[in-house]
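Student: Sharing a structure here in structure tokens format.
The values are calculated or read from the model by the stated rules, or taken from the named source; none is laboratory data. Computed from a predicted structure; not experimentally measured. Here the Cβ positions follow ideal geometry from the backbone for every residue, glycine too, while neighbour counts run over all protein chains shown.
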Amino acid sequence: MRSRVTDLLLLTPLAQLGDLGLFLLRCVTGAFLIYQSHDNIISAARMDEFVKFLVQFNFWAPELMAPLSVWWQFIAGIGFIIGLLTRWLGLITAFNFIVAVWMVHWSQDFAGWWPALILAFLGLLFATLGPGRYALDSWIAKRARHDRDRTETAPAW
């Protein structure tokens, strides 16, 4: 009886859906990163606007940093959706948006920080938790464990 009450209060059965929740969070984050970066990739004029934006905020080497940032966001978006290199892309995303908070949003109020701050923390979440079950990373890890186990149990001839 006590266990059922605790489960009800803490909603512990929902933990079974943790991998699905992580998958959905990765997908919506990835879709947002693709959406916000794709126009700079397909339009030289939009990329030029972004370079000017970075110049305005005194970024080092804006002609290099603009495409680097845009392409990393785009690649991270794809990687998050399919769950490939999730931890690495999480670290890169966190770094990219921590820099954005520091260089662009620092003088703004908390609401101005919010979008970049959330993306920084989502990056840290993906870097620490990994992609969950529904990801290419998990499939690759599972295959590697299987191959390692087969190698370790194979007879030595």
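Student: Among the helices (runs of 4 or more DSSP H) lying completely within segment 1-94, list those that include at least 3 residues that are at pLDDT below 95.
Tutor: Hits in segment 1-94: 2-10.
Student: For Glu152, work out the one condition from (1) modelled with pLDDT of 95 or more; (2) of a type outside the set (A, V, I, L, M, F, W, C); (3) in a helix (DSSP H, G or I) it doesn't fulfil.
Tutor: Exception for Glu152: condition (1).
Student: Can you pull out the residues in segment 116-130 that are closer than 23 Å to Val70 by Cβ, surrounded by 15 or more Cβ atoms within 10 Å (Cβ to Cβ) and not aromatic (Phe, Trp, Tyr)?
Tutor: Selection gives Ala116, Leu117, Leu119, Ala120, Leu122, Gly123, Leu124, Leu125, Ala127.
Student: In segment 3-56, which residues are over 22 Å from Ser69 (Cβ atoms) and touching an Asp or Glu at 6+ places or on another chain (Cβ under 8 Å)?
Tutor: Pro13
Student: Quick check on my filter: what residues within segment 93-104 are within 14 Å of the chain's Cα centre (by Cα), buried (at least 18 other Cβ atoms within 10 Å of the Cβ) and not hydroxyl-bearing (Ser, Thr, Tyr)?
Tutor: Ala94, Asn96, Phe97
Student: Also, I was wondering about something else. Test each condition in (1) of a type in the set (Asp, Glu); (2) over 21 Å from the mean Cα position of the chain (by Cα); (3) more than 30 Å from Arg46 (Cβ to Cβ) for Asp109 and report the one that comes out false.
Tutor: (3)
Student: Residue pairs, Cβ under 7 Å, 6 or more apart or interchain, first in segment 97-109 and touching a residue at least 24 places away in the same chain (Cβ under 8 Å), second part of a helix (DSSP H, G or I). List them.
Tutor: Once the first residue is touching a residue at least 24 places away in the same chain (Cβ under 8 Å) and sits in segment 97-109, its partners that are part of a helix (DSSP H, G or I) give Phe97/Ala116; Phe97/Leu119; Phe97/Ala120; Phe97/Gly123.
Student: I need every pair where a residue in segment 64-84 that is buried (at least 18 other Cβ atoms within 10 Å of the Cβ) has its Cβ under 7 Å from the Cβ of a residue that is of a type in the set (Gly, Ala, Ser) and outside any helix (DSSP H, G or I), sequence separation at least 6 or different chains.
Tutor: Gly83/Ala135
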